[in-house]
Amino acid sequence: MQNNKQNNEIHFNNFVYKHIRKSSFFSSILMLPFLILVIFICFKIPFKEIFFPLELSVANSAKNVYESGVEYVEITLSEVHYTGYDSYRRNKKIGSYYYSLVNNNCTLILIKNKYSNPPKQLTDYKINARLIDNSDLSETVIKKLAKDIDWTVDGLNSVTSNITIDETAYHKEIYIYLGLTLVTLIVIFISIIIKNIIYIIFPGFHPACIFFTRLGGSIKELNKVNYEISNDVILKADNIVLTEKYIISATTFNLEIIPIRSILWIYEHIPSHHQIKNTSSHTLIFVCRHKIYFDFKRISSESLSEVIKYIENRYPSILIGYSKENHDLTFKKINHKK
């Protein structure tokens, strides 16, 4: 008889560790698509070009630079002139159009709205900007500019680049926040994967084992947990396994083991009045020694009743149901044992 018991313990003593490894593996696999997606986004956004824009020597080289695949530039405008035309977005002025005319090559520059009255001319004016293909730019700009420099509209169109140097389209601050967010997400996802790999290799470091030992259990006692799961199950439903001495919740991504001797108080979580109560699914709260809480969610009414009934009959010292009196008694015990 003793040999059979030992064989059962040996056969089942990896149940807890197997579930930890399996749930940790699933959790890691779940994180991989998100990690790959974030890394893909990082490669698609030209952060290096945005934070370290290409130095442009003259405005009229913008088209050649754009055609080489560069969009973000830093340029010191030696001399540009106001077109008399401003750009608006949602009825709000965002910038003013200037032009650079060198060797019969005209380039438009959209300068951020820094002036109530834009100066007629800017010299040695340094900006960071984005090169934008504005082939469909309003004819209004060309018409005003042609009148200003005494050219024909068709003649000016023929020498005006379709690439605009747009200072209003350069949003370095946004990309700083976006970059920090993406880096944070990458660190979080990698940390979760590394953490789960640790649990797969060393399942004893899993929170289920840590909390089990904090509640008076031991790694050696896990053999008893495994043995009772395979030989002494009182109730098994809704991811809950109730044995003579333990309550185990085993879900796809988690595992929790509670020695019944450590439980001080059990009650059902009742949603607040503004929350929708699901009458077919319940949450059972366990308050244990050292102020350790467990919540078993998505429990059916039948399973909840059976768990509470078993513990109430077998362990009369455990408080059942939520009330101010039970709350005060529980925390009085917790504080007394500190």
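Only the coordinates and a few stated rules stand behind these numbers; no lab work does. Just so it is clear, the model here is predicted, and its values are computed rather than measured. Because the Cβ atoms are built from the backbone with ideal geometry, glycine has one as well, and the counts that use them run over all protein chains shown.
Name the longest site-free stretch of the chain, where the excluded sites are chymotrypsin sites (Phe, Trp or Tyr not before Pro) in a DSSP loop with no more than 15 other beta-carbon atoms within 10 Å. In the chain, the maximal stretch lacking such sites is 116-252.
The loop-placed trypsin sites (Lys or Arg not before Pro) in the range 31-104, going by DSSP, that have at most 16 neighbouring Cβ atoms within 10 Å of their Cβ come out as Arg90.
Helical runs assigned H by DSSP (4 residues or longer) give the chain a calculated mean residue ellipticity at 222 nm of -13500 deg cm²/dmol, each run adding -39500 (n - 2.57) before division by the residue total. Largest GNM mean-square fluctuation among Asn60, Asn91, Asn14, using the chain with Cα springs under 10 Å: Asn91. Applying 0.36 nm per residue to the separation of Thr213 and Glu325 and subtracting their alpha-carbon distance, the gain on full extension is 37.4 nm. Shape class for the range 54-169, computed from the alpha carbon gyration tensor (a ≥ b ≥ c): rounded, with a/c under 1.5. Among Leu54, Leu242, Leu180, a tally of other beta-carbon atoms within 10 Å of each Cβ gives an order, fewest to most, of Leu180, Leu54, Leu242. In this label model, Lys120 and Ser158 are separated by 2.9 nm, measuring between points 7 Å along each Cα→Cβ vector.
Shape class for the chain: prolate, because the ratio a/c of the largest to smallest gyration tensor axis (alpha-carbon atoms, square roots of eigenvalues) is 1.5 or more and a/b beats b/c.
Working ranking of peptides 104-112, 230-238 by packing, defined as the average number of other Cβ atoms within 10 Å per residue, highest first, is 104-112, 230-238. Between Thr160, Thr252, Thr123, the residue with the greatest mean-square fluctuation in the GNM of the chain (Cα pairs under 10 Å linked by springs) is Thr123.
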